[in-house]
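Everything on this sheet refers to the single structure shown next.
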Amino acid sequence: MKIKTVLFGMFCIAVLFVNAQNTGDTILVQIETNDGNEFIGELITEDDIKIVIKTEKLGEITIPKTDIKRRDTVQFQQIKDGKLWFENPQSTRYFWSPNGYGLKKNEGYYQNIWVLWNQFSYGVTNNFSIGAGIIPLFLFGGTPTPVFATMKFSIPVKENKVNVAAGAIAGTILGESETGFGIVYGLSTFGSPDANVTFGLGYGFAGGEWAKAPMVNFNGMFRVSSRGYFITENYLLSGGGETILLISLGGRSIIKKAALDYGLVFPVAEIGEFVAIPWLGFTIPFGNIN
């Protein structure tokens, strides 16, 4: 089947790209001192009194711990030309689909897609998050309004390299009966928060019935600049004797601590016309963020 060949080829290319971007295991530290100076370097040694790091321009420096205002651990992939690349405000999701990374405790975000999709998510623990959302169609002449809730368990198999997750989204349409809908899913993510691919399977349900075939999901996210990402999010859907591949390609731009997502969605069937649907959304993090 041509669709399966395309999907497999995309997976192979993405895995090779992830491996190319994850060549170093060095974990660096970022230190802000009480006088406002900031240093990024490799941790050499530390004790109860001081910390010694090796920076690119100054070499080894010793910083008394009493002078440290803030200390963060950063990944090697976040440093380029001696500068810290901005943290991804939405590292746990692609355009819409989640990945194996989870929100940390007390972290949260608000996501909006094309004005209508409104969702809040919050990290209850480092491994469990919940969320809720609404599509306010009532703004358009009293049309019934979909509401939904989400939950997700995330487990790091190998920190910053392999993560697995399982979750669900369940909702209903206010003002109508027997309109329950949702998806249960499981997925695996390979790579760092800045360069990863995800493979997932999910089953949808609506009106009291489950889908007869699973939804196959394959996504990738790759850092391309200090404020930018390339994102691809793809679905293989089967039902009613038809198979459809939804391919999306686009990007994410970091604007201060928020994220702006944009792209195009291409529905691909065995026989069909070429269609490109624009995608636009933004994410604003809140809670325990840097």
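The values are calculated or read from the model by the stated rules, or taken from the named source; none is laboratory data. The structure presented is a predicted model; accordingly, all values stated were derived computationally and were not measured. Note: ideal-geometry Cβ built from the backbone for every residue, glycine included; neighbour counts use all protein chains shown.
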Flag if V275 is in contact with a strand residue (DSSP E or B) (Cβ under 8 Å, 6 or more places away or on another chain) and not in a strand (DSSP E or B): yes
Residues within the stretch 26-59 that are of a type in the set (D, E, K, R), in a loop (DSSP other than H, G, I, E, B) and at pLDDT 85 or above, tallied: 3
Any chance A258 is of a type in the set (G, A, S), closer than 19 Å to W114 by Cβ and either touching a residue at least 60 places away in the same chain (Cβ under 8 Å) or in the same structural domain as K69 (by TED's automatic domain parsing) (or both): yes
Residue in the stretch 219-268 that is farthest from T92 (Cα to Cα), counting only those that are part of a strand (DSSP E or B) and touching a Pro at 6+ places or on another chain (Cβ under 7 Å): I244
Qualifying residue in the stretch 259-268 (condition: modelled with pLDDT of 95 or more and out of contact with any Leu (no Cβ under 9 Å at 6 or more places or on another chain)): yes
Unmet criterion (only one of (1) without any contact (Cβ under 8 Å) to a residue 60 or more places away in the chain; (2) crowded, with 19+ Cβ neighbours inside 10 Å; (3) among the small types (G, A, S)) for G250: (1)
Checking N118 against (1) touching a residue at least 12 places away in the same chain (Cβ under 8 Å); (2) part of a loop (DSSP other than H, G, I, E, B); (3) surrounded by fewer than 16 Cβ atoms within 10 Å (Cβ to Cβ), the condition it does not meet: (2)
Some residue of the stretch 134-143 being polar (S, T, N, Q), in the same structural domain as G180 (by TED's automatic domain parsing) and touching a residue at least 24 places away in the same chain (Cβ under 8 Å): no
